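These notes are about the structure you will find just below.
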Amino acid sequence: MIKKRSTQTKVVKAVAGMEDMPSQPKLNWSMVAVVAALAGVLLIVNTFRSKSDDFKNKTIPAAIKKVLNSPDTKFEVTSVKETNGVYEFKLKMAEQTYTSYITKDGKMLFTSGVKLDEIGKTPAASATQAQTKLTLKDLKKVDKATLTAFVVANCPYGLQTQRVYKKVLEEAPSMIDSLKVKYIGSIVNGKITSMHGDEEAKENLKQICIRDEQAALYWPYVNCYMQEGKTDACLSSAGVDVAMMTACTEDPKRGNAFAQKDFDLANKFKVGGSPTLLLNDQQIVSEFDFGGRVPNAIKTLVCGGSKTPADYCSKDISTKEVAVSMSITDEAASTGGTTNSAAGCAPATPAQ
């Protein structure tokens, strides 16, 4: 009876065309989901890669050019990655690498950032970042005012401030005793350090030694160095006694001692950014409260910090911006307006 039923079943399957047909595999929905997810991930990755490439090659370079406002300044965007809702990128300029940020719509550029979870682990940022806007009445006055710019040799914006000082001295040479330049750094195991590495530290020390032992040659040397950073050629053109300078840089009782005085003053006022301005060795000030990073603002600060203003205080000098970073020319490129950028160099995140 069972055998007959089996035979009938075979007949029915044969009539239906089902006899000996291989069974169809069941659809694996889990596998479909995985494939779909992978496709989604690849789409997102490719979309981000396309957008980051566009930012790297177009958006960021356009923003940097607008901020630098100088056609002679060469730079390279070396990487772009998304972090904390913005794009982080590495900017290489004057043989140094900086970490900067730009919003995803490309409308806001941050030349540096403060990582809040690292506060206390790295040197303090410039005190000017938290400063409220000052007026002339707020400036602490002395008989003979001095305005000290804290810089590092290869910071594009420190170079900009040194160039502003140069322009001030061209228009008001009697201000030479009022304008000081000091350097940011530290001494570790007897060696000078700087925020952008060993080469910058060495250049800082050379400039410090020239400033303190061959003072008359400091500005001729720096004015040359700001063009292309050619140390040897500028030492020669400025007439620096290289043997004397080398003896200074190699003698800790000379070079390191001079540098330590700069670092001590910077540490006293928690200076961490280049450039930072210190009025009368008493008060951190911002040139942007008085017109921007331009010669006339520097003059205004010196005059505002003097109990008895000098003759040059009654005359306005240039309000034009100057070039950022290394530049053959002093003048910033014309953009139909002023960028008035308060950008500076904070302690650098190591390049990746």
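The values are calculated or read from the model by the stated rules, or taken from the named source; none is laboratory data. The structure displayed is predicted, hence computed values, not measured ones. Methodologically, a virtual Cβ is constructed for each residue, glycine included, from the backbone with ideal geometry; neighbour enumeration extends over all protein chains shown.
Here's the yes/no breakdown for (1) modelled with pLDDT of 95 or more; (2) part of a loop (DSSP other than H, G, I, E, B); (3) surrounded by fewer than 22 Cβ atoms within 10 Å (Cβ to Cβ); (4) assigned by TED's automatic domain parsing to the domain that holds C155:
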{"position": "C248", "(1), (2), (3), (4)": "yes, no, no, yes"}
{"position": "K261", "(1), (2), (3), (4)": "yes, no, yes, yes"}
{"position": "D264", "(1), (2), (3), (4)": "yes, no, yes, yes"}
{"position": "D281", "(1), (2), (3), (4)": "yes, yes, yes, yes"}
{"position": "L301", "(1), (2), (3), (4)": "yes, no, no, yes"}
{"position": "P309", "(1), (2), (3), (4)": "no, yes, yes, yes"}
{"position": "A333", "(1), (2), (3), (4)": "no, yes, yes, no"}
{"position": "T339", "(1), (2), (3), (4)": "no, yes, yes, no"}
{"position": "Q352", "(1), (2), (3), (4)": "no, yes, yes, no"}
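Quick grid of which residues meet (1) among the polar types (S, T, N, Q); (2) over 23 Å from the mean Cα position of the chain (by Cα):
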{"site": "N296", "(1), (2)": "yes, yes"}
{"site": "G305", "(1), (2)": "no, yes"}
{"site": "Y312", "(1), (2)": "no, yes"}
{"site": "E321", "(1), (2)": "no, no"}
Problem - Failed item in (1) within 14 Å of V164 (Cβ to Cβ); (2) among the small types (G, A, S); (3) assigned to a loop (DSSP other than H, G, I, E, B), with G272 passing the rest - result: (1)
Completion exercise
Subset of segment 197-240, residues surrounded by fewer than 17 Cβ atoms within 10 Å (Cβ to Cβ), within 19 Å of A257 (Cβ to Cβ) and free of Cβ contacts under 8 Å to residues at least 40 places away in the same chain, comes to A215
